[in-house]
Amino acid sequence: MDKYTSIITDEKFSNLSLTVTKYPKTLFHWETLINFLITRTSPINKTIDPQLYQLITSTYENMLYNFPFLENYHIDYALFEYKLSHIKQMNKIFKRALLIFNNRSLLIWIQYLKMCNDLISNNKELFSKYELAENFIGLHYFSGEFWNLYLEQIKLRCNDSNKKYIILLRKLLELPIYNSSKYYALWLQQIDQINDLKQLTKFVSKDDLINKLKIDINFNGRRGPYLIEAKKLLKKFTKELCMVLQFQSLELYSLFESKIQIHYYTSNDHLIDTKEINTWIKYLDFTINLNIESLTHLNFQRALISLANYDIIWIKYAQWIIEYKEDFNSAKDILLQGLNHSLKKSSILKILYSLLVKINDMNSLQNILNQISESFNNSIENSDDFAIFWDYIQFNIFLQNSLPQSRYSSDQKSSNGESTSYKILLPEIVLNKIRLRLDDNNKNNDSMTIINAMTQLQTKDNTDIIEKVIFQYLINESKNKQFYQDNNTFWILYCKLIFFDPSKSYLEKRTKIVEEVWEQIKPSNKTIKKSLFTGLLNFCEAYLPEDIDFLHEKFNP
């Protein structure tokens, strides 16, 4: 039996495959499956069975589709291809992984550059990759390993390595990164190797040597003692600079970096300590105030690696993009990513909806609303998260009322002769979802919020429509109508709807409330009746004092 057949017929493989199919968002099951396949396939070499190769690559692809922030597994996947001498595929995997992290994954860059060191013989091509990496992760607090690789390759590959090496070291003396003292020590070693005054210009410009250090590289006296003193001055100057740098590095470490324990993606069943999340929030605020754009982008991406399941980071990132860069399209992309990863989506959705309205991207707004509905099997009214449901309703109403009103004449009639003008107020699909939500006695806690919001849509032309499609429906047709019959707030809202109708006179309002609205009240028992009386009495005292006696006569138990 060949290895591929022995694996796929193994009961353990069948169980693991079934489990990841059943629970695709549980990371542990994917890790168990991929580790099983790699272990059973070892040693991995060019003789691997094509079917087994396909099985492993498809497993990696599906795993990383569900968990794209798994840096280690992107690397493992690329190295798997490398072991099979699939260099083109390895490069593709690394590049795709970097794009997922917006080119700001320190871990992936380091591993990728290590592979490039071995595979790329063209110095220009190699150093262009190092320069690109520097632009994205050079300011990372733990970027020391990257800089070590860079310095090492300069020594190995550059003809004038000493000059380029010193230029890079000088750059490092200005970065508040972890273990920055190492580069200060290397800088001092390079100074000690100076044996001619003119070599000082490799470390400091000629103008700075003259103006800041008072060193003349053309000194005509005894140059030996003069060089010794010049080197001391250069070390002293550098020491003052590095003391400031080390203070900044220690400050970052003590305030933030030492308090961050998780630097990798964790699945949604692993909760991050609130203290760590708050540390990241403070760190990001600190970074934003430094006003260094590349560093701010980098630290946001760092935070997202471990906190991708938390909406607060995605929202903060998008808000920074909007406030500091006014880049609405990038903010939209960030929020869309946040929707895919964050466990709580309502806050992201609210900001995303508003952003799409702001940039007048109604097509995207409609598409997202459709996707949200589909994610609930087109039954968003059953959502346990009221905020998601209500935002969906509100922005659907906004979209409908953004259409040219000429499409909906106020006197337009349906086939049965009834007015369809309520479509201006509520699209039919939205009205149906509102009614289904109001009909559900398991969602009663939200009902008054919905009804109150409907009354807020009142204008001089639509009071009758709101009364008909909401209040009259709930009284006469709702599966949950007794709840509304017995609900104090419901009747007060109904009375207020009529009382604030701009199209009626005060007398007309009084008459309608007393003779029509109150006549529909049918409480289920005396206790409810007493409660309703108290609520209506408060309403009358505020708005209809002339009808208090009638209220007592009709409702006082």
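Principal semi-axes of the equivalent ellipsoid, √(5λ) from the alpha carbon gyration tensor of region 1-120, are 26, 19, 9 Å from largest down. Given +1 at the Cβ of Lys and Arg, -1 at the Cβ of Asp and Glu and no other charges, the dipole of the chain around its Cα centre is 2340 debye to the nearest 20.
Placing +1 at every Lys and Arg Cβ and -1 at every Asp and Glu Cβ, with all other atoms neutral, what dipole size does region 1-119 have around its Cα centre, in debye to the nearest 20?
On the way: 13 positive and 10 negative charges, 66 e Å.
That gives a dipole near 320 debye.
Note on Ile167 and Ser503: the extension gain reaches 113.1 nm, defined as 0.36 nm multiplied by sequence separation minus the Cα-Cα distance.
Under 25 °C and 0.890 mPa s, how fast does region 133-240 diffuse according to Stokes-Einstein, given a Kirkwood radius computed over C-alpha pairs? Answer in µm²/s, whole number. Can you show the working numbers first?
Working: Rh = 14.9 Å.
The diffusion coefficient I find is 165 µm²/s.
For Lys92, a cut-off of 12 angstrom between C-alpha atoms picks up these aspartates and glutamates, skipping any fewer than 8 places away in its own chain: Glu81. Helix 161-172 and the longest principal axis of the C-alpha atoms of the chain enclose an angle of approximately 40°. For Lys212, the lysines whose Cα falls under 26 Å of its own Cα, not counting residues fewer than eight places away in the same chain, are Lys163, Lys164, Lys171, Lys182, Lys198, Lys202, Lys231, Lys232, Lys235, Lys236, Lys239. Students often forget the sequence filter, so: which lysines lie under 29 Å Cα-Cα from Lys12 once same-chain residues fewer than 8 apart are removed? Reachable lysines: Lys3, Lys22, Lys25, Lys46, Lys83.
Toward the positive end of the charge dipole of the chain, with +1 on the Cβ of Lys and Arg and -1 on the Cβ of Asp and Glu, the farthest Cα among Asn370, Leu156, Ser143 is that of Leu156. Across the options Asn340, Tyr264, Ile87, the greatest Cα extent toward the positive end of the charge dipole of the chain (unit charges at beta carbon of Lys, Arg, Asp, Glu) belongs to Ile87. Within the shell of other residues whose beta carbon sits under 12 angstrom from the beta carbon of Ile528, the net charge comes to +3, with Lys and Arg scored +1 and Asp and Glu -1.
In terms of distances greater than 28 angstrom between alpha carbons, the cross-link table entries Lys496/Lys530; Lys259/Lys358; Lys509/Lys554; Lys358/Lys504; Lys350/Lys512; Lys114/Lys316 yield Lys259/Lys358; Lys358/Lys504; Lys350/Lys512; Lys114/Lys316.
Here is the list for region 116-221: GluC sites (Glu not before Pro) lying in DSSP coil, each with at most 16 other C-beta atoms within 10 angstrom of its C-beta, are Glu174.
What does the charge count around Val514 come to, taking other residues whose C-beta lies under 14 Å from its C-beta (Lys +1, Arg +1, Asp -1, Glu -1)? Please report the intermediate quantities before stating the final value.
Working: positive: Lys504, Lys509, Arg510, Lys512, Lys554; negative: Glu508, Glu515, Glu516, Glu519, Glu546, Asp547, Asp549, Glu553.
Here the charged neighbours net out to -3.
Positive end of the dipole of region 464-557 (Cβ unit charges, origin at the Cα centre): among Leu551, Leu532, Phe500, the Cα lying farthest that way belongs to Leu532. Spatially, region 288-306 and region 44-111 are offset by 26 Å when compared through their Cα centroids. Using only Cα atoms and rounding to the nearest 10 degrees, what angle (0 to 90) does helix 87-100 make with the longest principal axis of the chain? So the inclination is approximately 50 degrees. For mean projected area of the Cα convex hull in nm², the candidate list reads [x] 43.1; [y] 40.0; [z] 30.5; the entry that matches the value derived from this model is [y].
A 1.4 Å probe run over the protein chains yields, for region 284-371, 43 Å² of accessible area per residue, whole-number rounding.
As an exercise, identify the trypsin sites (Lys or Arg not before Pro) in region 16-80 lying in DSSP coil whose Cβ has no more than 16 other Cβ atoms within 10 Å. Numbers along the way, then the final one.
Details: sites: Lys22, Lys25, Arg40, Lys46; in loops: Lys25, Lys46.
Here the trypsin sites (Lys or Arg not before Pro) that fit, given the DSSP loop and packing criteria, are Lys25, Lys46.
By how many nm would the segment from Lys12 to Leu79 grow when fully extended, if each residue of separation counts as 0.36 nm and the alpha-carbon distance is taken off?
Numbers: separation 67, 0.36 × 67 = 24.12 nm, distance 2.54 nm.
That works out to 21.6 nm of additional length.
How large a share of the accessible area of the chain, in percent, is made up of carbon and sulfur atoms when the probe is 1.4 Å and the other protein chains stay in place? Each step should come with its number before you reach the end.
Working: 14370 of 28820 Å².
After summing per-atom areas, the C and S share lands at 50 percent.
Phi angles across region 336-350 convert, under the Karplus curve 6.51 cos²θ - 1.76 cosθ + 1.60 with θ = phi - 60°, into 3J(HN,Hα) values of 5, 5, x, 4, 6, 9, 6, 6, 9, 10, 4, 5, 5, 4, 4 Hz, Gly and Pro given as x.
Could you work out [θ]222 nm for the chain from helices alone, using -39500 (n - 2.57) per DSSP H run of at least four and dividing by all its residues? Round to the nearest 500 deg cm²/dmol.
Working: 30 runs with 369 residues, N = 557.
-20500 deg cm²/dmol, from helical runs alone.
For region 190-267, run through the chymotrypsin sites (Phe, Trp or Tyr not before Pro) and keep only the ones in DSSP coil with at most 16 other Cβ atoms within 10 Å of their Cβ. All intermediate terms of the calculation are to be shown ahead of the outcome.
On the way: sites: Phe203, Phe219, Tyr226, Phe237, Phe247, Tyr253, Phe256, Tyr264, Tyr265; in loops: Phe203, Phe219, Phe256, Tyr264, Tyr265.
The qualifying sites are Phe219, Tyr264.
Take the Cα pairs of region 95-142, get the Kirkwood Rh, then feed it into Stokes-Einstein at 37 °C and 0.692 mPa s and tell me D in µm²/s.
Values: Rh = 11.0 Å.
Reported coefficient: 299 µm²/s.
Taking every protein chain into account, the accessible area of region 159-265 amounts to 61 square angstrom per residue (probe 1.4 Å). The share of Cα pairs per 10 Å bin across region 264-354, counted from zero up to the longest distance, runs 17, 52, 29, 2 percent.
The values are calculated or read from the model by the stated rules, or taken from the named source; none is laboratory data. Please read all numbers here as calculations on a predicted model, not as lab measurements. Counting neighbours? That spans all protein chains shown, and the Cβs are built from the backbone with ideal geometry, glycine included. Quick note on the areas: whole protein, heavy atoms, side chains included, nothing else; ligands and nucleic acids left out. Shrake-Rupley method; radii C 1.70, N 1.55, O 1.52, S 1.80 Å.
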